[in-house]
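Asker: Got a structure for you, written out below as structure tokens; questions coming shortly.
The values are calculated or read from the model by the stated rules, or taken from the named source; none is laboratory data. These numbers come from a predicted model, not from an experiment. Backbone-built Cβ (ideal geometry, glycine too); neighbour counts: all protein chains shown. Keep in mind that these areas ignore ligands, DNA and RNA; they rest on the heavy atoms of the full protein, side chains included. Shrake-Rupley method; radii C 1.70, N 1.55, O 1.52, S 1.80 Å.
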Amino acid sequence: LTQGLMGIGALTGGISVGILSSKLKIQKAWLILLGAAFAVTPTSIVLLFHLPPMLSYVIITVSCFIFMAIGTMLGITMITFIQKETPKYMIGKVMSYAIAVITCARPVGQILYGFLFGTLKDQAYVIIFSAVLISSFIAVISRKIFHRL
């Protein structure tokens, strides 16, 4: 159910980009990134306070849905920006490079998270909360960069 709702969240994010296209500017992408970080926060809270299983499940599922919607919005915003700013004769090369970097970075993150969750299995909330803090920091720092674009 959670996996299915994550897929629906991604579709919702894609539809939202179409509806909000006039408001989603690259200069505001840092806010989308910040929203994605905050969408994960409830999961950390659930794990910290050991809430009842069904309540935890619902909160984590809703959090994942929101995260996927926001993540899709960010991805589409970034890809649209790259395609608009790249000269037409280079779009294929630039998009291939961007996708290659993203694809190669994903397993590195999965290895890191796997190691951390294995090491801190009884304190998973620490990992998630740390990811929220780091992502929020990156979002705020990237604000100046996005404003220059």
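Asker: Give just the number: which of (1) within 23 Å of residue 149 (Cβ to Cβ); (2) touching a Ser or Thr at 6+ places or on another chain (Cβ under 6 Å); (3) part of a helix (DSSP H, G or I) does residue 105 not satisfy?
Answerer: Of the numbered conditions (1) within 23 Å of residue 149 (Cβ to Cβ); (2) touching a Ser or Thr at 6+ places or on another chain (Cβ under 6 Å); (3) part of a helix (DSSP H, G or I), the odd one out for residue 105 is (2).
For (1) under 14 Å from the mean Cα position of the chain (by Cα); (2) at pLDDT 95 or above, each residue gets a yes or a no:
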residue: 26; (1), (2): no, no
residue: 29; (1), (2): yes, no
residue: 58; (1), (2): no, yes
residue: 62; (1), (2): no, yes
residue: 67; (1), (2): yes, yes
residue: 81; (1), (2): no, no
residue: 84; (1), (2): no, no
residue: 99; (1), (2): no, no
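Asker: On to the next question. Would you check if there is a residue in region 17-36 being basic (Lys, Arg), assigned to a loop (DSSP other than H, G, I, E, B) and closer than 28 Å to residue 141 by Cα? Show your work before the answer.
Answerer: In the first step, residues of region 17-36 are kept if they are basic (Lys, Arg); the result is 23, 25, 28.
Applying the additional criterion that residues be assigned to a loop (DSSP other than H, G, I, E, B) yields 23, 25.
Among the residues that remain, those that are also closer than 28 Å to residue 141 by Cα are: 23, 25.
Yes, the conditions are met somewhere in region 17-36.
Asker: Does region 70-78 contain at least one residue that is open to solvent by 60 Å² or more (accessible area, probe 1.4 Å), modelled with pLDDT of 95 or more and in a helix (DSSP H, G or I)?
Answerer: no
Asker: Further question on the same structure: Among (1) surrounded by fewer than 20 Cβ atoms within 10 Å (Cβ to Cβ); (2) under 20 Å from residue 138 (Cβ atoms); (3) among the small types (Gly, Ala, Ser), where does residue 10 come up short?
Answerer: So residue 10 meets the others, but not (2).
Asker: So, in region 81-102, of the ones that are open to solvent by less than 60 Å² (accessible area, probe 1.4 Å) and in a helix (DSSP H, G or I), which residue ends up farthest from residue 20 (Cα to Cα)?
Answerer: 100
Asker: Is there a residue in region 115-132 that is within 25 Å of residue 9 (Cα to Cα) and loosely packed, with under 13 Cβ neighbours inside 10 Å?
Answerer: So far as region 115-132 goes, no, none of its residues is within 25 Å of residue 9 (Cα to Cα) and loosely packed, with under 13 Cβ neighbours inside 10 Å.
Asker: Pairs, please: C-beta under 9 Å, at least 6 apart or cross-chain, first residue in contact (Cβ under 8 Å) with a residue 60 or more places away in the chain and in region 114-133, second open to solvent by 50 Å² or more (accessible area, probe 1.4 Å) and among the small types (Gly, Ala, Ser)?
Answerer: Going by the 9 Å Cβ cut-off, there are no qualifying pairs.
Asker: Going by the structure shown, is residue 20 at pLDDT below 95, open to solvent by 50 Å² or more (accessible area, probe 1.4 Å) and farther than 26 Å from residue 85 by Cβ? Walk me through how you get there before you give the answer.
Answerer: Values: at pLDDT below 95: yes; open to solvent by 50 Å² or more (accessible area, probe 1.4 Å): yes; farther than 26 Å from residue 85 by Cβ: no.
No: the conditions fail for residue 20.
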